[in-house]
Ligand SMILES: [Zn+2]
């Protein structure tokens, strides 16, 4: 995702540019502050139960109507594991426990995140029910996977289907 900053968030003055840390960055001459853009970090959660994977159907774009693993953005002051548990609860109404870190993906498609951290998790309690930006939620076996969107969901379910994903 591109980043734009035209005005200083501290004083409102129009920003200039300075070459710092290897690239041109927005800079406020009044506050002597450089604007550093941070990557958007998301988490994605792989939950398997009874040889099925938990997927949500996206209610909104990007990828509206397509399916993906439960996922969402990490808030600025939130631990990624906590974000993974929160997003799973928001999208599927399931309480989950994080088991392990599966992968860290750089941006590879039109997904909204710059860095995606993938975890495996186990359902502790609850009945799957769609919430937040999920239209539907369901469990899918290896031979009944629906059309998927976003690189991490596609990559992880592909490994799982091939039997090479260690959860
Ligand atoms: Zn300023």
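Read-outs throughout are calculated quantities, based only on the coordinates presented, and are distinct from any laboratory measurement. A quick note: this is a predicted structure, and the numbers were derived from the prediction, not measured. Quick reminder, even Gly has a Cβ in these numbers, built from the backbone with ideal geometry, and neighbours come from all protein chains shown.
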Over the chain: helical MRE at 222 nm, DSSP H runs n ≥ 4 each giving -39500 (n - 2.57), nearest 500: -4500 deg cm²/dmol
Which one, 133, 114, 75, has the greatest fluctuation when you compute a Gaussian network model over the chain with C-alpha springs under 10 angstrom? 75
Cα-based helix-to-principal-axis angle, 151-162 vs the chain, degrees rounded to 10: 30 degrees
Cα centroid of segment 71-101 to Cα centroid of segment 22-45, whole Å: 25 Å
Helix 80-92 versus the longest principal axis of the chain: what angle, 0 to 90°, nearest 10, using Cα atoms? 60 degrees
Rounded if a/c is under 1.5, else prolate if a/b is larger than b/c, else oblate: which is segment 68-167, with a ≥ b ≥ c the root eigenvalues of its Cα gyration tensor? rounded
Computed over segment 41-162: relative contact order in percent, which uses C-alpha pairs under 8 Å that are six or more apart: 34 percent
Spin-label point model (7 Å from Cα, Cβ direction): what's the residue 78 to residue 60 distance in nm? 1.3 nm
